[in-house]
1. Being touching a strand residue (DSSP E or B) at 6+ places or on another chain (Cβ under 9 Å) and surrounded by 17 or more Cβ atoms within 10 Å (Cβ to Cβ), is that true of even one residue in region 86-97?
2. Show me the helices (runs of 4 or more DSSP H) found entirely inside region 67-140 where at least 1 residues are under 13 Å from the mean Cα position of the chain (by Cα), without any contact (Cβ under 8 Å) to a residue 12 or more places away in the chain and closer than 19 Å to GLU25 by Cβ.
3. Pairs needed: first member in region 32-54, farther than 15 Å from LEU87 by Cβ; second member anywhere, surrounded by 15 or more Cβ atoms within 10 Å (Cβ to Cβ) and among the hydrophobic types (A, V, I, L, M, F, W, C); C-beta distance under 9 Å; at least 6 residues apart or different chains.
4. Which numbered condition trips up LEU121, out of (1) within 20 Å of ARG36 (Cα to Cα); (2) assigned by TED's automatic domain parsing to the domain that holds VAL34?
5. Report yes if some residue within region 35-47 is farther than 28 Å from ALA122 by Cα, surrounded by 12 or more Cβ atoms within 10 Å (Cβ to Cβ) and in contact with a helix residue (DSSP H, G or I) (Cβ under 8 Å, 6 or more places away or on another chain); otherwise report no.
6. Would you point out which residue out of THR60, THR70, THR74, THR128 is surrounded by 12 or more Cβ atoms within 10 Å (Cβ to Cβ), in the same structural domain as GLN35 (by TED's automatic domain parsing) and not hydrophobic (A, V, I, L, M, F, W, C)?
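The values are calculated or read from the model by the stated rules, or taken from the named source; none is laboratory data. Just so we're clear, the structure is a prediction, and the values are computed from it rather than from any experiment. Cβ coordinates were reconstructed from backbone atoms using ideal geometry, including for glycine residues, and neighbour counts include every protein chain displayed.
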Amino acid sequence: MAKATDTKSASTATTATKRTRSAAETKKIHQALVQRRDELQAEYEQTLTEIAELQRDRLTDSAGDDQADTGTKTLEREQEITLANNLLERINQVERAIDRLGEGNYGWCEKCGNAIPVERLAAFPSATLCVHCKQLEERR
């Protein structure tokens with residue numbers, strides 16, 4: 001019995017050791033995440049500007065529209081708003097990743113606690129789940 005507890009304590013200590021990053025690594029990751037957030041924020045603001053311009057154009061060019069034209073314009077507006085909301089969600093994910101980095105939890109799965117592969121973080125920097133846990137989540 002004592003060996004199982006000792007083994008568990010040793011693995012916990014190893015996990016705690018693995019979770020430490022050098023200040024230079026943390027700074028580099030932080031800079032990359034902030035840069036990505038800023039890029040997404042600029043894209044979001046540009047999208048909002050374009051939506052406003054398109055809406056003005058639609059309002060000035062709506063004389064003589066029938067129901068089909070009105071429906072098409074409504075669908076286009078909803079798609080544009082959905083795209084803007086998706087950008088906002090991505091911004092929130094990156095901000096959450098920045099928070100997790102500050103807490104020392106960045107790069108570690110929120111479900112199982114295992115390390116998220118570097119390749120996954122490179123492709124999706126705001127990932128919060130390892131590949132295995134993400135696959136299990138998507139199967140539900």
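1. As a first pass, look at region 86-97 and keep what is touching a strand residue (DSSP E or B) at 6+ places or on another chain (Cβ under 9 Å): none.
No; the residues of region 86-97 include none that is touching a strand residue (DSSP E or B) at 6+ places or on another chain (Cβ under 9 Å) and surrounded by 17 or more Cβ atoms within 10 Å (Cβ to Cβ).
2. Of the helices (runs of 4 or more DSSP H) lying wholly inside region 67-140, those with at least 1 residues that are under 13 Å from the mean Cα position of the chain (by Cα), without any contact (Cβ under 8 Å) to a residue 12 or more places away in the chain and closer than 19 Å to GLU25 by Cβ span 67-103, 118-123.
3. The qualifying pairs are LEU33/VAL94; LEU33/ALA97; LEU33/ILE98; LEU33/LEU101; VAL34/VAL94; VAL34/ILE98.
4. The failed condition is (2).
5. no
6. Details: THR60 fails: surrounded by 12 or more Cβ atoms within 10 Å (Cβ to Cβ); THR74 fails: surrounded by 12 or more Cβ atoms within 10 Å (Cβ to Cβ); THR128 fails: in the same structural domain as GLN35 (by TED's automatic domain parsing).
Result: THR70 is the single residue among THR60, THR70, THR74, THR128 that is surrounded by 12 or more Cβ atoms within 10 Å (Cβ to Cβ), in the same structural domain as GLN35 (by TED's automatic domain parsing) and not hydrophobic (A, V, I, L, M, F, W, C).
A quick yes/no check of all residues on (1) out of contact with any Phe, Trp or Tyr (no Cβ under 9 Å at 6 or more places or on another chain); (2) modelled with pLDDT of 90 or more; (3) farther than 20 Å from GLU137 by Cα:
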| position | (1), (2), (3) |
| --- | --- |
| ALA32 | yes, yes, yes |
| THR70 | yes, no, yes |
| THR74 | yes, no, yes |
| ILE98 | no, yes, yes |
| ARG120 | yes, yes, no |
